[in-house]
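Report on one structure; see the data block that follows.
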Amino acid sequence: MALDEYLFGKIANYFKKKKANSSDIMEKTIYLEEIQPRLTILARALTGNAIEIFPADREGGFKKNNFFFPASFSLFENYEQNLSYYFFRLLYLTVQKDLNSNWYH
């Protein structure tokens with residue numbers, strides 16, 4: 001086998017695997033815009049305040065009655081676990097807001 005055939009085969013396999021991986025990532029990715037209404041209702045019910053939810057520019061958090069979440073999330077193995085992250089993050093921010101423990105720089 002010539003060197004160019006070997007290199008072509010390696011490169012082709014790399015992009016084939018990368019394409020398969022990106023389709024797997026797309027299947028398990030949660031987008032904030034899809035679940036934002038549910039999160040807003042739940043946040044308002046838990047806090048008793050008129051909470052608004054926005055995509056975060058960086059790590060997220062809260063400021064007054066605004067909660068900031070990642071625009072998308074896909075770090076866990078499946079869709080349900082990634083969805084659970086958003087619910088966990090909502091509960092975490094709710095408790096953080098109730099305890100008034102926010103990091104100020």
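The values are calculated or read from the model by the stated rules, or taken from the named source; none is laboratory data. This is a predicted model, so every value here is computed, not measured. Glycine also receives a Cβ, built like all others from the backbone with ideal geometry; neighbour counts cover every protein chain displayed. Areas reflect the complete protein model, heavy atoms only, side chains present, ligands, DNA and RNA absent. Shrake-Rupley method; radii C 1.70, N 1.55, O 1.52, S 1.80 Å.
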Restricted to the stretch 67-97 and to residues being under 23 Å from ASP24 (Cβ atoms), among the aromatic types (Phe, Trp, Tyr) and assigned to a helix (DSSP H, G or I), the residue least open to solvent (accessible area, probe 1.4 Å) is TYR86
If we ask which residues in the stretch 40-66 are assigned to a strand (DSSP E or B) and open to solvent by less than 60 Å² (accessible area, probe 1.4 Å), their number turns out to be 4
Within the stretch 30-60, restricting to residues that are in contact (Cβ under 8 Å) with a residue 40 or more places away in the chain and touching a helix residue (DSSP H, G or I) at 6+ places or on another chain (Cβ under 7 Å), the one that is farthest from TYR86 (Cα to Cα) is THR47
Within the stretch 61-105, the count of residues that are under 13 Å from ILE51 (Cα atoms) and hydroxyl-bearing (Ser, Thr, Tyr) comes to 1
